[in-house]
Amino acid sequence: MRGRRVAVALLALASCTSNGPASVTSSRPASTPPAPPPTRASSPPVFVFAVKGDWGAGTRAQQQVTDEMCAIRRTVRFKYIVTTGDNFYNPDGIATQSNYDGPERCLTSYPGSVWRGVWGNHDLAGPSTATVLGAPSHYYTWSVGSTQFFMLDANQPGNAAQRSWLARTLSASRAPVKIVVFHQPTFTSGLHPDNTSAQRNWVPLFERYHVTLVLTGHNHDYEHLRVGGIDYVVTGGGGQTSYPCLRVEPGAVRCVSAYHFLLVTVASGSVTVRAIRASGGELDEFKIKVPSA
């Protein structure tokens, strides 16, 4: 069965997964007498979401990644699909039958699916990141429970208005888990170089306001880096032609040229990131400790 090796490991999460837009709480009717103390602590609700980047290419690899996502989804019913940009190719920026409607059908047909995307360089040529994936602007924020996302436009990392918005929004956030998403990576061992403008303009804010995780794409590989106490992931293996790892970037933990997607689990006190191969099985896994909600 496709995805069996990963699905078995994730089976225990399925019954407590939160997919709603608000905090998950449990309450007892006033008329019900208190229950005796449990013999063991019950598992807290968790929020699971999927991530992929550089994906809408109409390739066999795109279809394989999506099929594996749908296989996992039979066990872990994640609602949100987050993208790290370069969502639509051939034509750039425009969703078509061949690069979206057809290959993504098993995801888009699932009741309640919600896409949250950022703009890659290929997406600027068309409107579909907004009209199909629902991006309300080129940078925006959204939240689920204790997790707040900050979606940025790395095509213009030096934009003063965007930086001011990011500083204000991070400063105002009280979310225990802060996840930043954009396309061109700040740090990378891959084909494209570091986004040095984002390093100058954004990274000091990430560190000052204790960002939990940064998700990027652009290089068509999988990378995990840890820089300045923050975990950075390049997830650009969603279906476009893969790129090699060319160097050892300072802070690099792992770099693999492989088609994949991420499954991210936010629980009380931790965020677990799993990179899952298009062919099934885990490519990588790591855990980040965070304040409990």
### Query
So which residues in region 98-117 are of a type in the set (G, A, S), at negative phi and not in a helix (DSSP H, G or I), if there are any at all?
G102, S109, S113, G117
#### Entry: One residue from G237, G280, G229, G269 being small (G, A, S) and buried (at least 24 other Cβ atoms within 10 Å of the Cβ)
G237
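When you scan region 142-153, how many residues do you find that are under 19 Å from T265 (Cα atoms) and buried (at least 19 other Cβ atoms within 10 Å of the Cβ)? Step through it out loud before you land on a result.
At the first step, the residues of region 142-153 found to be under 19 Å from T265 (Cα atoms) are 142-151.
From the residues that got through so far, the ones that are buried (at least 19 other Cβ atoms within 10 Å of the Cβ) too are 144-151.
Count: 8.
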### Yes/no for R200 being within 22 Å of G145 (Cα to Cα), out of contact with any strand residue (DSSP E or B) (no Cβ under 6 Å at 6 or more places or on another chain) and charged (D, E, K, R)
no
### Query
Given the structure, is L205 surrounded by 18 or more Cβ atoms within 10 Å (Cβ to Cβ) and either among the hydrophobic types (A, V, I, L, M, F, W, C) or on the phi > 0 side of the Ramachandran plot (or both)?
no
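Out of region 262-282, which residues are assigned to a strand (DSSP E or B), within 17 Å of F47 (Cα to Cα) and either of a type outside the set (A, V, I, L, M) or touching a Lys or Arg at 6+ places or on another chain (Cβ under 8 Å) (or both)?
Matches in region 262-282: L262, L263, V264, T265, S270, V271, T272, V273, R274.
On the given criteria, is V118 within 14 Å of the chain's Cα centre (by Cα) and either surrounded by fewer than 22 Cβ atoms within 10 Å (Cβ to Cβ) or among the small types (G, A, S) (or both)? Steps first, answer last, please.
Values: within 14 Å of the chain's Cα centre (by Cα): yes; either surrounded by fewer than 22 Cβ atoms within 10 Å (Cβ to Cβ) or among the small types (G, A, S) (or both): no.
No: the conditions fail for V118.
Every number here is computed from the coordinates shown, using simple stated rules; none is lab data. Model, not experiment: these values are computed from the prediction. Using ideal geometry, Cβ is built from the backbone for each residue, glycine included, and neighbour counts are taken over all protein chains shown.
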